[in-house]
1. Taking 8 Å as the Cα distance limit and 6 or more residues as the minimum spacing, I'd like the relative contact order of the chain as a percentage.
2. Within region 39-58, list the residues whose amide N lies under 14 Å from a label point set 7 Å along Cα→Cβ of ALA33.
3. How large is log10 of I(q)/I(0) for region 8-59 at q = 0.23, 0.24, 0.31 Å⁻¹ when the intensity is taken from the Debye formula with one equal scatterer per alpha-carbon?
4. Between the helical axis of 8-34 and the dominant principal axis of the chain, each derived from Cα atoms, what acute angle in degrees is found, rounded to the nearest 10?
5. Hey, if you put +1 on the Cβ of every Lys and Arg and -1 on every Asp and Glu Cβ in region 76-126, which of TYR88, LEU113, HIS78 ends up farthest toward the positive end of that dipole?
6. Compare the peptides 62-69, 43-50 by average per-residue count of other Cβ atoms within 10 angstrom and give them in order, highest first.
7. Quick one: work out Rg over Rh on the C-alpha atoms of region 6-165, Rh as Kirkwood radius.
8. Let me know the charge dipole size of the chain about its Cα centre in debye, to the nearest 20, where only the beta-carbon of Lys, Arg (+1) and Asp, Glu (-1) is charged.
Amino acid sequence: MQDLPHAYNDLLARITALPEIEQRFLKRSLAYADRGREMPLLEIAEWDQDLSDAEYRLQTTQIATWFRDDIRPLYKKHLAFFKAGALYDERAVFGGNRTGKTHCGVFEDVLDLTGLYPDWWEGNRFDHPIDMWVATDTAKNTRDILQEKFCGKPGVPGALGTGMVPIELFAREPTLKHGTPNAYETIYVYHQTHGIVDGVSTCMFKSYDQGREAFQGTHQDKIHLDEEPKIEIYSECSLRLMSTSPGQPNGKLVLTETPLLGISELMQSFMPELKPEPDVAPITEYQHVDVDEDGNEIMIDE
């Protein structure tokens, strides 16, 4: 664990290393050329190794390439979503395809798994290792979408660590999911608080086609549902996050989806203003039938 990054700034330094080494190599090459000499083969080999190492670091530190200082102000809604995590136990992002919903959610997930929060972070912070579920509609989509964003392209040798989780922060090899080729069931990630490793977080990959029963069982610190589940699965997840001890906070539930199911019951729970108006105007006055002294029926307003 000696080579672990201990702060988000350590990750940022890795993605700037490659261009810096390339510039130094170019200057060194030009210096030799000015003297009419060629760079010795041994020195070229050393530069090649440095460049290869820096390129590998860049490929395995993808999380630091997102929401950089120069582009972060453009992502106002994403930043508002992150900030709301400090205030609310349940949040949702509704948006069109290819608008960064899933990437937004996974970025936060990896910060929570690792404890390496950037200086600008205003959202929730976990000061301990967490247990977490992530899920979407099918096992195949969980592998091809969520697993790829966390870990790298499924089934490609050497791809582990080219997703959002830096390679050094995997505490052990992921466990495999039976029945789905190249799919992981659980990943194990070192968590740090104030730069000190304090344990291992777990992230389990699930899918809605497993049914509600698959979402029963153990307490979780966080659950990320990508695309809309049936209301019974969402409700089951809410139960997994409820605190059972005095003083213990509830877990965090995140939903990122494109509302392909229309204005569903779950969507209305986040935005009650979308509930359709009733077909008949509500009755605001009430009447009852009475009989006057002559025996005639009369309507009495109340």
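1. Working: 471 pairs, mean separation 53.9, N = 302.
Over the chain, the number comes to 18 percent.
2. 39
3. The Debye formula, applied to the Cα set alone, gives -0.83, -0.87, -1.14.
4. Once rounded, the angle reads 30 degrees.
5. HIS78
6. Working: 62-69: 17.0, 43-50: 12.6.
Descending packing order for the listed peptides: 62-69, 43-50.
7. On the way: Rg = 19.9 Å, Rh = 18.3 Å.
That ratio equals 1.09.
8. Computed charge dipole of the chain: roughly 2260 debye.
Throughout, read-outs are computed from the coordinates displayed, never taken from laboratory work. Just so you know, these numbers come straight off a predicted model, no measurement behind them. FYI the Cβ positions are ideal-geometry reconstructions off the backbone, even for glycines, and counts take in every protein chain you see.
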